[in-house]
Amino acid sequence: MINALRGMKDTLSPENEVYDYIIKTCTRIAHRYGFSLIETPILEETALFKRSVGESSDIVGKEMYQFRDKGDNDVCLRPEGTAGVVRAFIQQKYDKAGGTRRFFYHGPMFRYERPQKGRLRQFHQFGVESFGEADVREDATIILMLKTMLDALDIGYSLEINSLGCPSCMPTYRSKLVTFLENTEGLCEDCERRKLTNPIRVLDCKNEHCKTLLKNAPLIIEHLCLTCKEDFETLKRILDTFEISYHVNPKLVRGLDYYSKTAFEFVSSEIGAQSAIAGGGRYDRLVEFLDGKATPAVGFAMGIERLMDLVKMPEPTREGYYIGALCDEALDVVFRLVETKRLEAKVLTHYEAKSLKNHLKLADKNEAKFCVCIGEDELAKNTVWIKDLESKEEKIIAMAQF
Ligand code: HAM
């Protein structure tokens, strides 16, 4: 027997209803904030992710589904959505056109990680990317939008924020950190590698020994330039105004290399070790880095499977019709009626004649709002028998009226 690959899964009803509910809820809110749908290919050139997510990241270093296609192109399954959206933004020449553009997307992402609860090799994200707005109020807006989405899904969270500085403050801080790291012995293998490729990622190490060694490491938040400092203050002030509680985590550096300034993560205490339900931040240099015209940008992505473990679904409501035949002679009429009614509503049926009791049972099981039956009497008088399964009201109406 052939099973799905490790870390990948099939999703069926009723799980898919939860997935669908999350996408619909987030889409509705993203529209309200002026974001529109973008779809980019699942397969991209490997170089796109190497240059954006960064060679020093675990994602590029260890987790990519990378292979050569039949044309000998080095390609990989997207491990995240931002890089593809930025590529599309540049390819459409939106960078040259200027102005602001706001996109949202959802779909599968692939990371060859060690599967565990909340961590899959094929998982799904709902993400947003906003281009052309350098004002920190845009960062605040997308955090508010994400909060609105989580509230609508009835998901509790805590928010962590940090600032990763900009080209005018990061290099000075970075050399200070490197000096500290050079004088620190006993860091794990990953940290030793990151020390050379992307030293700030060392701050994020989960190894307990490294955490102790890094206790007194210099922090970017204490070395921000005036602009970054002011922006971070403005962000905090807006969050305070909207009574969004947050925790400044000066060691929050995110696992992707493209960030500068605002970085944030929404975390849940209810889903175990893989607690990040969404993450994002500003990436003002990425468009230029991928050969576009310099354009400020900010975005986030949520892990849909992790949200699915937390979402509280609204009570299911009855919907549409169940239409059944009470005798063989009514089968054709029922078939036609079902197809006509489907132009306006969800309709279920059975291709055999059954008793009223059995049809009512099936209508109830399928959560139809109305059960409609046609038997000999109805055929003779050109009527239908209809019962509202919520109010329990029954009546006979003309077929044309139905
Ligand atoms: P990320 O933090 O790598 O950011 O992923 C975002 C979210 O995807 C995580 O918070 C988590 O909920 C979910 N996720 C990540 N890996 C897995 C996995 N293996 N299994 C299940 N869920 C997972 C990004 O991907 C950035 N592109 C976000 C962004 C958009 N930044 C700016 N714009």
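The values are calculated or read from the model by the stated rules, or taken from the named source; none is laboratory data. What you see is a predicted model, and the numbers here were worked out from it, not measured in a lab. Glycine gets a Cβ as well: all are built from the backbone with ideal geometry, and neighbour counts include every protein chain shown. Accessible surface areas use protein heavy atoms only, side chains included; no ligands, DNA or RNA. Shrake-Rupley method; radii C 1.70, N 1.55, O 1.52, S 1.80 Å.
Please determine whether any residue of region 70-79 is under 26 Å from ALA294 (Cβ atoms), near the ligand (Cβ under 9 Å from one of its atoms), of a type outside the set (Ser, Thr, Tyr) and at pLDDT 95 or above. Yes, region 70-79 contains at least one residue that is under 26 Å from ALA294 (Cβ atoms), near the ligand (Cβ under 9 Å from one of its atoms), of a type outside the set (Ser, Thr, Tyr) and at pLDDT 95 or above. When THR179 is tested against (1) open to solvent by 30 Å² or more (accessible area, probe 1.4 Å); (2) over 16 Å from the mean Cα position of the chain (by Cα); (3) closer than 21 Å to GLY255 by Cβ, exactly one condition is not met: (3). Quick check on GLY303: is it at pLDDT 95 or above and under 33 Å from the mean Cα position of the chain (by Cα)? Considered against the rule, which asks whether it is at pLDDT 95 or above and under 33 Å from the mean Cα position of the chain (by Cα), GLY303 comes out as yes.
If you check ILE244 against the conditions, is it within 17 Å of THR141 (Cβ to Cβ), touching a strand residue (DSSP E or B) at 6+ places or on another chain (Cβ under 8 Å) and not in a helix (DSSP H, G or I)?
For ILE244, the condition - within 17 Å of THR141 (Cβ to Cβ), touching a strand residue (DSSP E or B) at 6+ places or on another chain (Cβ under 8 Å) and not in a helix (DSSP H, G or I) - is met.
In the set (1) in contact (Cβ under 8 Å) with a residue 60 or more places away in the chain; (2) under 30 Å from VAL267 (Cβ atoms), the condition left unmet by ARG318 is number (2). Of all the residues in region 87-123, those that are touching a strand residue (DSSP E or B) at 6+ places or on another chain (Cβ under 7 Å), open to solvent by less than 40 Å² (accessible area, probe 1.4 Å) and closer than 18 Å to PHE289 by Cβ number 1. Taking the criterion of being open to solvent by 30 Å² or more (accessible area, probe 1.4 Å), over 28 Å from ALA97 (Cβ atoms) and not aromatic (Phe, Trp, Tyr), the residues of region 131-167 that qualify are LYS147, THR148, ASP151, ALA152, ASP154, GLY156, SER158, GLU160.
Just one of the listed residues (ASP72, ASP10, ASP58) is open to solvent by 20 Å² or more (accessible area, probe 1.4 Å) and on the phi > 0 side of the Ramachandran plot, and it is ASP72. Any residue at all in region 95-109 that is within 30 Å of VAL202 (Cβ to Cβ), in a helix (DSSP H, G or I) and in the same structural domain as ALA276 (by TED's automatic domain parsing)? No.
Scanning region 372-401 for residues that are in contact (Cβ under 8 Å) with a residue 40 or more places away in the chain, closer than 17 Å to LEU331 by Cβ and open to solvent by less than 100 Å² (accessible area, probe 1.4 Å) gives VAL372, CYS373, ILE374, GLY375, GLU378, LEU379, VAL384, MET399. When residues in region 214-238 are screened for being in a helix (DSSP H, G or I) and surrounded by fewer than 19 Cβ atoms within 10 Å (Cβ to Cβ), 11 of them pass.
Of note, HIS31 does not satisfy the criterion of being part of a strand (DSSP E or B) and open to solvent by 30 Å² or more (accessible area, probe 1.4 Å).
Screening GLU319 on (1) among the charged types (D, E, K, R); (2) touching an Asp or Glu at 6+ places or on another chain (Cβ under 9 Å); (3) near the ligand (Cβ under 10 Å from one of its atoms) shows it passes everything except condition (3).
Does SER275 fit the bill of being assigned by TED's automatic domain parsing to the domain that holds MET64, within 16 Å of the ligand (Cβ to nearest atom) and either surrounded by fewer than 17 Cβ atoms within 10 Å (Cβ to Cβ) or at positive phi (or both)? Full working, then the answer.
Working: assigned by TED's automatic domain parsing to the domain that holds MET64: yes; within 16 Å of the ligand (Cβ to nearest atom): yes; either surrounded by fewer than 17 Cβ atoms within 10 Å (Cβ to Cβ) or at positive phi (or both): yes.
So SER275 passes the test.
The set of residues in region 141-181 being of a type in the set (D, E, K, R) and either on the phi > 0 side of the Ramachandran plot or without any contact (Cβ under 8 Å) to a residue 60 or more places away in the chain (or both) consists of ASP151, ASP154, ARG174, LYS176.
Here the condition is being aliphatic (A, V, I, L, M), modelled with pLDDT under 95 and assigned to a loop (DSSP other than H, G, I, E, B); of ALA353, ALA400, it holds for ALA400 alone. Scanning region 1-32 for residues that are of a type in the set (Phe, Trp, Tyr) and within 16 Å of the ligand (Cβ to nearest atom) yields a single hit, TYR19. Selection of first residues in region 58-83 that are part of a strand (DSSP E or B) and of second residues that are within 10 Å of the ligand (Cβ to nearest atom), restricted to Cβ pairs under 7 Å at least 6 apart or on distinct chains, gives the following pairs, ordered by first then second residue: LEU77/PHE110. Does VAL178 satisfy the criteria of being within 16 Å of the ligand (Cβ to nearest atom) and over 18 Å from SER268 (Cα atoms)? Considered against the rule, which asks whether it is within 16 Å of the ligand (Cβ to nearest atom) and over 18 Å from SER268 (Cα atoms), VAL178 comes out as no. Being assigned by TED's automatic domain parsing to the domain that holds LEU159, within 16 Å of the ligand (Cβ to nearest atom), assigned to a helix (DSSP H, G or I) and under 30 Å from CYS228 (Cα atoms) holds for only one residue in VAL298, VAL287, and it is VAL287.
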